[in-house]
Amino acid sequence: MAAAHGHLPEDDTIPAAFRRAVAGLHSARVRSEVGLETMGAPKRLASFAHALTASVTVDDEELADGRLVLLHEPEGHEEWQGAFRVVTLTRAELEPEMASDPLLPEVAWSWLTGALHARGARFAAPSGTVSHTSSHYFGALSQRPASTQIEIRASWTPLEGPDGVPDTAAHLAAWCDLLCTGAGLPPAPAEQGIVPMPARRDRFTR
């Protein structure tokens, strides 16, 4: 298992609840295939923000990547229905037959909600989009096989506990489970009940 590394700067203006929420992110234990790093957070989405990037790598090949931003408004936000919001982007390459499945958007969305439920990450007001694009190569690039990428943009409100802080470790772990599902990795024990993506023929099947 791996954990994210990073911390907030010493600043008396940063709310204690946000500090604890960020500390929760960096205490999350995720699969060893997932690499996490801190990145500069967008400054206009909320009063306070903290961002991470993630990638899923197997045998030196990156199979999926994305970013997660934790937002905080100390007085709450009407549209969020809470004081915190998680905003994510997930990208992964798909097998050609998966890309042609008309149910792909619904299945991909279920990867996210299923991962949150499996990790016990309580949430409200989820929203997002699922899109996929195909690339075909010609001329000097004609030897490259066609490829299809799925992109899941999602946000949700992590529900706060009695101390006013959501279990951000569970939310980050669930999002990393989504990345691994998109990458075609077999489900881990905590992910039971999630509809898996078909394994990549050249990597996870015999």
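Couple of notes before you dig in:
- When SER134 is tested against (1) in a strand (DSSP E or B); (2) in contact with a helix residue (DSSP H, G or I) (Cβ under 8 Å, 6 or more places away or on another chain); (3) at pLDDT 95 or above; (4) open to solvent by 20 Å² or more (accessible area, probe 1.4 Å), exactly one condition is not met: (3).
- Residue identified as open to solvent by 40 Å² or more (accessible area, probe 1.4 Å) and of a type in the set (Gly, Ala, Ser) among ALA174, ALA170, ALA146: ALA146
Results for (1) more than 28 Å from LEU70 (Cβ to Cβ); (2) touching a His at 6+ places or on another chain (Cβ under 9 Å), shown as yes or no for each residue.
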{"residue": "ALA124", "(1), (2)": "no, no"}
{"residue": "SER127", "(1), (2)": "no, no"}
{"residue": "VAL130", "(1), (2)": "no, no"}
{"residue": "SER135", "(1), (2)": "yes, no"}
{"residue": "GLY139", "(1), (2)": "yes, no"}
{"residue": "PRO145", "(1), (2)": "yes, no"}
{"residue": "THR157", "(1), (2)": "no, yes"}
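- Residue selection: HIS117 satisfies the criterion of being open to solvent by 50 Å² or more (accessible area, probe 1.4 Å) and either in contact (Cβ under 8 Å) with a residue 60 or more places away in the chain or closer than 18 Å to VAL165 by Cβ (or both).
- Figure legend. Inter-residue proximity from region 122-139: first residues more than 30 Å from GLN81 (Cα to Cα), second residues in a strand (DSSP E or B) and among the β-branched types (Val, Ile, Thr), beta-carbon distance below 9 Å, spacing 6+ or different chains. Indicated pairs: THR133/THR148; THR133/ILE150; SER134/THR148; SER135/THR148.
- Among the conditions (1) closer than 28 Å to SER32 by Cα; (2) without any contact (Cβ under 8 Å) to a residue 40 or more places away in the chain; (3) not small (Gly, Ala, Ser), LEU178 misses just one, which is (2).
- Residue match in region 88-111 (condition: open to solvent by 60 Å² or more (accessible area, probe 1.4 Å) and aromatic (Phe, Trp, Tyr)): yes
- Taken over region 100-122, the criterion of being assigned to a loop (DSSP other than H, G, I, E, B) and either modelled with pLDDT under 95 or of a type in the set (Lys, Arg) (or both) is satisfied by SER100, ASP101, PRO102, LEU103, ARG119, ARG122.
- Once region 47-70 is narrowed to residues that are free of Cβ contacts under 8 Å to residues at least 40 places away in the same chain and assigned to a loop (DSSP other than H, G, I, E, B), the residue that is nearest to LEU25 (Cα to Cα) is SER47.
- Just one of the listed residues (GLU75, GLU37) is at pLDDT below 95, more than 19 Å from HIS171 (Cα to Cα), among the acidic types (Asp, Glu) and out of contact with any Phe, Trp or Tyr (no Cβ under 9 Å at 6 or more places or on another chain), namely GLU75.
- Filter result (closer than 21 Å to GLU62 by Cα, aliphatic (A, V, I, L, M) and assigned to a loop (DSSP other than H, G, I, E, B)) within region 141-183: ALA146, ALA183
- Members of region 137-174 that are of a type in the set (A, V, I, L, M, F, W, C), out of contact with any helix residue (DSSP H, G or I) (no Cβ under 7 Å at 6 or more places or on another chain) and at pLDDT 95 or above: TRP156, LEU159, ALA170, ALA173
- Single residue of region 71-84 satisfying the filter (out of contact with any Pro (no Cβ under 8 Å at 6 or more places or on another chain) and not in a loop (DSSP other than H, G, I, E, B)) that is surrounded by the fewest Cβ atoms within 10 Å (Cβ to Cβ): GLU75
The values are calculated or read from the model by the stated rules, or taken from the named source; none is laboratory data. No experiment lies behind these values; they were computed from the predicted model shown. Cβ sites come from the backbone with ideal geometry, for glycine too, and all protein chains shown count toward neighbours. Note: accessible area is taken over every heavy atom of the protein model, side chains too, but ligands, DNA and RNA are not part of it. Shrake-Rupley method; radii C 1.70, N 1.55, O 1.52, S 1.80 Å.
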